[in-house]
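Undergrad: Structure below; questions to follow.
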Amino acid sequence: MPEGPSFKGTPLESPITKVGLPLIAVQDSEASYLWGSACLISPWLAMTASHVIKDYSKHLEGKEAEPGFTERTYELLTYVVTDQRKTTLPLFVGPVWYNDATDIAVLQLLPGGPMSPDHAWECPVLELLPPGVGSRVFAFGYPRSSVSTKAPYKFEARTDASTSTGCVIKVHDEYRDKGMLKFPCFETNARFDPGMSGGPVFDDQGHVCGIIGTGLPPEREGGEHYSHAPTLWPVMGTMVNFPWEDRYPRGTCFPLYEFAKAGFIDTRHLDHVSVTVNPDGTQTVRCRRYDL
């Protein structure tokens, strides 16, 4: 019989914590919240669910962040486990970029303290196409986690890192519906709890094939969870504007696709994707016969 879904705690010394990151919001150096997760995609770049950024902004600023959002009145922090998993490397989140084509936001990471010149980033491979129906997926995030303030900008995070497994039930190549999940995504019976949103979803090859999006518990006892994860290829059209040597000076926008095409993000099936920047500044992202 095929193995059923599972949900279990994951020790912080696990290698997965170098890829799956907690996403902490801090306001006025005193109030702090840990309501979401993130996924490293390249040195100094990560991604999370756009709705995590919107929820933080709505709670802390009274309004949702707009697409292309880069400024806020609160801090976003994260960390990666380093030094043979003995210590953590604190990081600030700088600019944040996203659009309405998917529920994925791109985060620029900035050093939050001294950093060893020998630090080696352990970035995952991104599978841009969705996993096949019936294949197994593994999701990682930080449900039931919290953070408390000990002093200004000194925090203690209580993380409950968890890994959830399940099977892909259905793939929505264009969208599930035109309201909530109006972008390419896939359905799984893996359990996605609050706080896990934005964390990585791995396929059976160990490649990140999506991020944790929405999850509903079973409708009846013994039933299956009803969860969805955005497929990754639409994020290649996200316009970013971090400095890239002499190719794109500070303030110049370009699609994330260009950064991946140059080999700075390890992707699979990038050749199936094309991105066109239109005269009005919008982007058209194509993958096979699907356009956004």
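The values are calculated or read from the model by the stated rules, or taken from the named source; none is laboratory data. Not measured: the values here are computed from a predicted model. Each accessible area value is taken on the protein alone, full model and side chains, heavy atoms only, with ligands, DNA and RNA left out. Shrake-Rupley method; radii C 1.70, N 1.55, O 1.52, S 1.80 Å.
Undergrad: Over the chain, calculate the relative contact order: mean separation of alpha carbon pairs under 8 Å at least 6 apart, over the residue count, as a percent. Working shown, then result.
TA: Details: 745 pairs, mean separation 55.5, N = 292.
Relative contact order, the chain: 19 percent.
Undergrad: Okay, next question. Taking every pair of Cα atoms in region 96-202, average 1/r, invert it to obtain the Kirkwood radius, and report Rg/Rh to two decimals. Walk me through the intermediate numbers first.
TA: On the way: Rg = 17.1 Å, Rh = 16.7 Å.
Rg divided by Rh gives 1.03.
Undergrad: Ok, one more. When a/c reaches 1.5 or more, the comparison of a/b and b/c decides; with that in mind, is region 148-271 rounded, prolate or oblate per its Cα gyration tensor?
TA: Working: a/c = 2.20, a/b = 1.29, b/c = 1.71.
Oblate.
Undergrad: Taking region 233-278 as the region of interest, what is the percent of Cα-Cα pairs per 5 angstrom bin, listed from the shortest bin to the one with the maximum distance?
TA: Bin by bin from 0 Å, the calculated values are 5, 21, 34, 23, 14, 4.
Undergrad: Residues with amide H under 5 Å of ALA161's amide H, sequence separation 5 or more or different chain, H placed in the peptide plane at 1.01 Å from N; which?
TA: Sorted by chain and number, the residues that satisfy this are THR10.
Undergrad: State, as an integer percentage, the relative contact order of region 180-239 based on alpha-carbon contacts under 8 Å between residues 6 or more apart. The partial results should precede the final answer.
TA: Working: 99 pairs, mean separation 23.0, N = 60.
Rounded, it is 38 percent for region 180-239.
Undergrad: When the gyration tensor of region 16-67 is built from Cα positions, what are the square roots of 5 times its three eigenvalues, in whole Å, from largest to smallest?
TA: Working: eigenvalues 90, 37, 15 Å².
For region 16-67, the semi-axes come out at 21, 14, 9 Å.
Undergrad: Here's a follow-up. If you build the convex hull over the alpha carbons only and average its shadow over all orientations, what do you get for region 23-174? Give it in nm² to one decimal. Write out the running numbers ahead of the final one.
TA: On the way: hull surface 40.9 nm².
Over all viewing directions, region 23-174 projects a mean Cα-hull area of 10.2 nm².
Undergrad: Determine the relative contact order of region 127-176: mean sequence separation of Cα pairs under 8 Å and six or more apart, normalised by residue count, in whole percent. List each step's numbers first, then the result.
TA: Details: 65 pairs, mean separation 22.7, N = 50.
Result for region 127-176 is 45 percent.
Undergrad: What accessible area, in Å² to the nearest ten, does a 1.4 Å probe give for LEU126?
TA: Surface accessible to solvent at LEU126 totals approximately 0 Å².
Undergrad: Another question, if that's okay. Stokes-Einstein at 4 °C, 1.567 mPa s, Kirkwood radius from Cα pairs: D for region 121-174 in µm² s⁻¹? Mind dumping the intermediate values first?
TA: Working: Rh = 14.6 Å.
Taking Rh from Cα pairs, D becomes 89 µm²/s.
Undergrad: Keeping all protein chains in position, work out how much accessible area ARG268 exposes to a 1.4 Å probe, and write it in Å² to the nearest 10.
TA: Its accessible surface works out to 90 Å², give or take rounding.
Undergrad: Looking at the chain as a GNM with Cα springs under 10 Å, which of LYS178, LYS261, LYS54 has the largest mean-square fluctuation?
TA: LYS178
Undergrad: Three principal axis extents, largest first, for the C-alpha atoms of the chain, in Å?
TA: Result, largest extent first: 51, 50, 41 Å.
Undergrad: Share of antiparallel DSSP beta bridges in the chain, in percent to the nearest 5?
TA: Details: 72 of 75 bridges.
Counting only bridges with both partners in the chain, antiparallel ones make up about 95 percent.
Undergrad: Going through the cross-link list LYS18/LYS154; LYS18/LYS178; LYS154/LYS261; LYS63/LYS182; LYS54/LYS154, which pairs have a Cα-Cα distance over 29 Å in this structure?
TA: LYS18/LYS178; LYS154/LYS261
Undergrad: I'd like the carbon and sulfur percentage of the solvent accessible area for region 25-88, probe radius 1.4 Å, heavy atoms only, ligands and nucleic acids excluded.
TA: C and S fraction of accessible area: 43 percent.
Undergrad: Counting heavy atoms of the protein chains only and a 1.4 Å probe, report the per residue accessible area for region 83-221 as a whole number of Å².
TA: Dividing the accessible area of region 83-221 by its residue count gives 46 Å².
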